[in-house]
Amino acid sequence: MPLYETLSRIGYPTAGIAVLIAVWTVSCRIFDIPEAVLPSPDQVAAAFAGNLGLLAREGWVTLQETALGFALAMLVGIPFAIAIANSRPLNLMFYPLLVALQSVPKVALAPIVLVWLGTGIESKLAIVWLVAFFPIIIDTAAGLRSTPRDLIELARSLKASPWQVFYKVQFPAALPFVLTGAKVAITLAVIGAVIGEFMGSSNGLGYLLLSATSQLNSSLAFASLFALSFLGLGVYAVVELVEIGLARWLPVRPAGH
């Protein structure tokens, strides 16, 4: 990647953040906005620094819920996607149902899950799994079905077994789709964890945000929001690193793409 492009990717977002903070600060000063309504950036930074230990402890809880729920979604979603992509009866039976269920707001399901599983970590994992499962299975199934038929027929003509066709041809061709689904799912997993904590919890960044808001401690509430943003960026970066690690198994893109 050229140096100019690298600097642009870093410089422009940094400049955008600086402009946003400047506008935020000036607005708070000019309009004399109370801290309970909208704290200034320096007040949020002070709350973040002053509650760093608390944010780290609650963030660890949210991170565990996110990671475990996401892992469960991957473990269930990928095999299920393989099954429906390679079986016409299963595809006809379940794919329309999956598309329909994906459109159901997961927030509406959260109270039901809470009744079934209680306020422990089980309900949080179930909600995270619900929001992360659908992008994984739909993208993976789409990738498996988009494998060029010529490649599959070529492998079969070389006497490859069904397992070899899947392992050597079909799954590597679908891997970019799997990773795309994983990137979407990991960001939704953070949202799912927060939804679960909003609905019923005594710890986690979602609970801390709700608690700070109820006490009109807007600085801590904004600090919790920023902690959630950092957590989301962190888990997304992990998936990006996995993609880089799998680069040699990904299909080679044509030059210029």
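The values are calculated or read from the model by the stated rules, or taken from the named source; none is laboratory data. These figures come from a predicted structure and were not determined experimentally. Please note: Cβ atoms are built from the backbone with ideal geometry, for glycine as well, and neighbour counts cover all protein chains shown.
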Selected residue (criterion: surrounded by the fewest Cβ atoms within 10 Å (Cβ to Cβ)) from residues of the range 123-176 that are closer than 17 Å to residue 81 by Cβ and of a type in the set (Gly, Ala, Ser): 146
Number of the condition not met by residue 75 [criteria: (1) farther than 30 Å from residue 165 by Cβ; (2) loosely packed, with under 15 Cβ neighbours inside 10 Å; (3) at pLDDT 90 or above; (4) of a type in the set (A, V, I, L, M, F, W, C)]: (1)
Criterion (β-branched (Val, Ile, Thr) and surrounded by 11 or more Cβ atoms within 10 Å (Cβ to Cβ)) met by exactly one of 17, 84: 84
Test for residue 40: is it among the small types (Gly, Ala, Ser), loosely packed, with under 14 Cβ neighbours inside 10 Å and out of contact with any strand residue (DSSP E or B) (no Cβ under 8 Å at 6 or more places or on another chain): no
Condition broken by residue 188, with the remaining ones in (1) under 15 Å from the mean Cα position of the chain (by Cα); (2) surrounded by fewer than 18 Cβ atoms within 10 Å (Cβ to Cβ) satisfied: (2)
Residue list for the range 25-62, restricted to those being touching a helix residue (DSSP H, G or I) at 6+ places or on another chain (Cβ under 6 Å) and more than 11 Å from residue 219 (Cα to Cα): 25, 55, 58, 59, 62
Residues of the range 138-180 classified as under 20 Å from residue 242 (Cβ atoms) and of a type in the set (D, E, K, R), total: 1
Matching residues in the range 88-111 - criterion: being part of a helix (DSSP H, G or I), farther than 14 Å from residue 198 by Cα and β-branched (Val, Ile, Thr): 99
Filter result for residue 229 (in a loop (DSSP other than H, G, I, E, B), surrounded by fewer than 16 Cβ atoms within 10 Å (Cβ to Cβ) and not basic (Lys, Arg)): no
Cross-chain or 6+ apart pairs with Cβ under 8 Å, the range 213-228 first and farther than 9 Å from residue 39 by Cα, then of a type in the set (D, E, K, R) and crowded, with 22+ Cβ neighbours inside 10 Å: 224/58; 227/58
Some residue of the range 79-95 being free of Cβ contacts under 8 Å to residues at least 60 places away in the same chain, within 20 Å of the chain's Cα centre (by Cα) and over 25 Å from residue 206 (Cβ atoms): yes
All positions within the range 200-224 that are over 15 Å from residue 61 (Cβ atoms) and of a type in the set (A, V, I, L, M): 212, 216, 220, 221, 223
